[in-house]
Amino acid sequence: MTIGEAEGQIYFEHIRCGGSVKCSAIDAGTGIEVSITGPAIAPRDALESLALKKLKMVLPRKEKK
């Protein structure tokens, strides 16, 4: 599976709101973005890993359209 034209370039954004954190993963090549929400005390790399897995699941679906 390829990850957009800029293969491998993924940007992460973290936004904290109270006791939760929204973690977004954005594929640089396609601009496709997915988000997950987790507890604010969760390790940052755990949230990023989950968001990346979700992005890898969504990318093939979007590329077929």
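What follows is calculated from the coordinates using simple rules that are stated; it is not laboratory data. For clarity, every value in this text was computed on a predicted model and none was experimentally measured. When we count neighbours, we look across all protein chains shown, and the Cβ atoms used for this are built from the backbone with ideal geometry, even at glycine.
A few comments on the model shown:
- Shown is the FRET efficiency for residue 45 and residue 20, computed with R0 = 25 Å from the Cβ-Cβ distance and rounded to the nearest 0.05: 0.90.
- Gain in span if fully extended, residue 57 to residue 30, counting 0.36 nm per residue against the direct Cα distance: 8.3 nm
- Here the residues 15, 41, ranked from fewest to most Cβ neighbours within 10 Å of their Cβ, fall in the order 41, 15.
- Each Lys and Arg Cβ is given +1 and each Asp and Glu Cβ -1; about its Cα centre, the chain then shows a dipole of about 320 debye.
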